[in-house]
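Before any comments, here is the structure.
The values are calculated or read from the model by the stated rules, or taken from the named source; none is laboratory data. The structure displayed is predicted, hence computed values, not measured ones. Cβ placement follows ideal geometry from the backbone for every residue including glycine, while neighbour counts extend to all protein chains displayed. SASA here: full protein model, heavy atoms, side chains in, ligands and nucleic acids out. Shrake-Rupley method; radii C 1.70, N 1.55, O 1.52, S 1.80 Å.
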Amino acid sequence: MAKISVIGVGYVGLVTSACFADLGNEVYCVDIDERKVEMLRQNKVPFFEPGVEELIARHAAAGRLHFTTHYEEAVPNSDFIFICVGTPMADTGAAELRYVRMAAESIGPHLQKYTIIINKSTVPIGTGDMVTEILSQYTDPGNFALVSNPEFLREGSAVSDAFSPDRIVLGAVDRAAAEKVAELHAPLNAPVIITDLRTAEMIKYASNAFLATRISFINEMAQICERLGADVREVARGMGMDRRIGPHMLNAGVGYGGSCFGKDVSALAYMAEAQDCHPQLLQAVMEINEDARLRFVRKLEGIVGDLSGRTIGVLGLSFKPNTDDMRDAPSIVIVTRIRELGGGVKAYDPVAMPRAEETMPWVTYCATPYDVAKGADALLIVAEWNEFRQLDMARIRDLMHQPVLLDGRNIYEPAEMRRLGFHYYGVGRP
Ligand code: NAD
């Protein structure tokens, strides 16, 4: 059993804490957000992530999980400290390192014995060196080791991802420290790759950039398919059966969103430019993604005509299903653009409405998809929650002012929707 501190208990930090507590370790969770810590002390998880609440309640009750705003309660006794604070996008497009710096400055003064500090946040290449430098101002460099351990979990399935990761990436100057962190993960039986610090940091950016590239690639194919009369869903299926390609992240739609892809592609492009590289592909990936969202609204205009005074229904607001995370959600761009064009928006999301209301208070939030459909001039599917696949579509059609369905996630069968009397438009489908 190890003593572990986790700094920053957002999506990554809290899931990491729950996972290590479940493996029998004692975990101290530190966050500067007092409200969050107070909620967690009452076993309430401040965001929606399936399975986390149960784990937290169980391990807090067993005394393996503690929540605090005080570094001094956590750091001095820890064998391992995971930094899991946010690295949002700065105005320049670079990653904002303020919180990582703050965390390192708060850990430093309380280090009392040899401790391994592990950076799990997604950080620009070279940040490991920066954190090492900060900590060295407080303690002898022999008193700690810095390991980079980027996180690859996906919101919506974060708990299962944390327990069965595809790989554990560890980067360090001191290989023995990386091996100790590998031992901590041993019960997970996942492949481990040990590299130098900068390579580990880069693996995370390269992975996210590649996944974003696949999405932008298929969205570009969707646009071409639409013009040429091919069905991008079948194209993706046919491509995905090629083992060199694989089936994942090839769903055409309204583009990627969330707290990671957008900011990480942007941060990588920023780093590249700062080194006089020309990240053409990354620029194209971002441009295609931005366009996928706006093109969806242009398509709506093309079908419905002038949007002013029209009522548009939107189903799904979170950036993807099974999360309430609204960070960089395509729905924000789409809904805001409809409003700019004079349209009114009614919307429903199974869990993200309270969060959505913070950014888009002008939307009429409805209790059910059927309330959204009532009187709508068009219905848009923006996030593919499973419950939208099971709707009584005949009832939806009857409730609408006109049965126009824009399926931004291709969850319905075009022929079936047309049979039901909808004017149906998917993405990249003839
Ligand atoms: P988040 O915003 O949900 O949580 C960050 C937490 O850190 C917040 O609770 C905040 O209060 C806390 N914090 C900020 N400064 C602090 C400080 N000095 N001391 C203590 N706590 C502090 O962020 P997240 O989504 O969990 O992401 C964290 C990191 O992990 C980011 O770098 C992100 O890119 C990366 N990541 C996220 C995901 C994901 O799906 N969310 C997946 C992989 C990697």
FRET efficiency, 1/(1 + (r/R0)^6) with R0 45 Å, evaluated for Ile303 and His70 via beta carbons: 0.20
How much of the DSSP beta bridge set in the chain is antiparallel, as a percent to the nearest 5? 5
At a probe radius of 1.4 Å, what is the per-residue accessible area of Lys180, in Å² to the nearest 10? 90
What translational diffusion coefficient, to the nearest whole µm²/s, does the stretch 185-331 have by Stokes-Einstein, given a Kirkwood radius computed over alpha-carbon pairs, a temperature of 25 °C and 0.890 mPa s viscosity? 140
Let me check the size of the stretch 79-174 from its C-alpha atoms; what are the radius of gyration and Dmax in Å? 14.0, 41
Given an 8 Å cut-off on Cα distances and at least 6 residues of separation, report the relative contact order of the chain as a percent. 12
Under the rule of -39500 (n - 2.57) per DSSP H run of 4 or more residues, summed and divided by the residues of the chain, what mean residue ellipticity at 222 nm is obtained, to the nearest 500 deg cm²/dmol? -13000 deg cm²/dmol
How far is helix 197-228 tilted off the main Cα axis of the chain, in degrees rounded to 10, range 0 to 90? 10
On a 1.4 Å probe surface of the protein chains, which of His59, His110 comes out largest in accessible area, and what is the full order? His110, His59
Please list Phe217, Phe422, Phe319 from largest to smallest accessible area, probe radius 1.4 Å, with all protein chains kept in place. Phe217, Phe319, Phe422
Calculate how large, on average over all directions, the projected area of the Cα convex hull of the stretch 350-430 is; give the answer in nm² to one decimal. 5.5
Give me Rg/Rg_expected for the chain, where Rg uses Cα atoms only and Rg_expected = 2.2 N^0.38 Å with N residues. 1.05
Beyond a 22 Å Cα-Cα separation, which of these cross-linked pairs lie in this structure: Lys44/Lys263; Lys36/Lys204; Lys263/Lys299; Lys36/Lys120; Lys320/Lys374; Lys44/Lys113? Lys44/Lys263; Lys36/Lys204; Lys263/Lys299; Lys320/Lys374; Lys44/Lys113
Report the far tail of the P(r) of the stretch 3-195, meaning the percent of Cα-Cα pairs longer than 25 Å. 29
With all distinct Cα pairs included, what does the Kirkwood hydrodynamic radius of the stretch 130-178 come out to in Å, to one decimal, could you say? 12.8
In degrees, nearest ten, helix 11-22 long axis to first principal axis of the chain (Cα): 60
Which residue, Pro414, Val372, Trp362, has the largest displacement toward the positive end of the dipole of the stretch 354-430 when charges sit on each Cβ (Lys, Arg +1; Asp, Glu -1)? Pro414
Test of understanding: express the Cα radius of gyration of the stretch 78-126 as a ratio to 2.2 N^0.38 Å, with N the residue count. 1.25
Take the Cα atoms of the stretch 200-266, build their convex hull, and give its volume per residue in Å³. 86
Need the full-extension length gain, His401 to His423, defined as separation in residues times 0.36 nm minus the C-alpha distance. One decimal, nm. 6.7 nm
Roughly how many debye, to the nearest 20, is the charge dipole of the stretch 3-195 about its Cα centre, given +1 on each Lys and Arg Cβ, -1 on each Asp and Glu Cβ, and no other charges? 200
Let me have the relative contact order for the stretch 3-195, percent, based on Cα pairs under 8 Å that are six or more residues apart. 19
Net dipole in debye of the chain [+1 Lys, Arg Cβ; -1 Asp, Glu Cβ; about Cα centre; nearest 20]: 1040
How far apart, in nanometres, would the label points at Thr368 and Thr92 be if each is projected 7 angstrom from Cα along the Cα-to-Cβ direction? 5.2
Long-range share for the stretch 254-318, i.e. C-alpha pairs more than 15 Å apart as a percent of all pairs, stands at 63
Quick one: if the Förster radius is 45 Å, what FRET efficiency do Glu179 and Gln390 give, using the C-beta to C-beta distance and rounding to 0.05? 0.40
For the chain, build the charge dipole from Cβ charges (+1 Lys, Arg; -1 Asp, Glu) around the Cα centre, then report which of Pro350, Ile218, Leu399 sits farthest towards its positive end. Leu399
Using a 1.4 Å probe over the heavy atoms of the protein chains, calculate the carbon and sulfur portion of the accessible area of the chain as a whole percent. 51
If you count, for each residue, the other Cβ atoms within 10 Å and average over each peptide, how do 65-77, 358-370 line up from highest to lowest? 65-77, 358-370
Using just the alpha carbons, could you tell me how many Å³ per residue the convex hull of the stretch 211-425 encloses? 130
Mean accessible surface per residue for the chain, computed with a 1.4 Å probe while every protein chain stays in place, in Å²: 43
Positive-end extreme of charge dipole, the chain - chosen from Ile56, Thr16, Val335 (charges on Cβ): Val335
Eigenvalues of the alpha-carbon gyration tensor of the stretch 40-95, times 5 and square-rooted, give semi-axes in Å, largest first, of 26, 19, 10
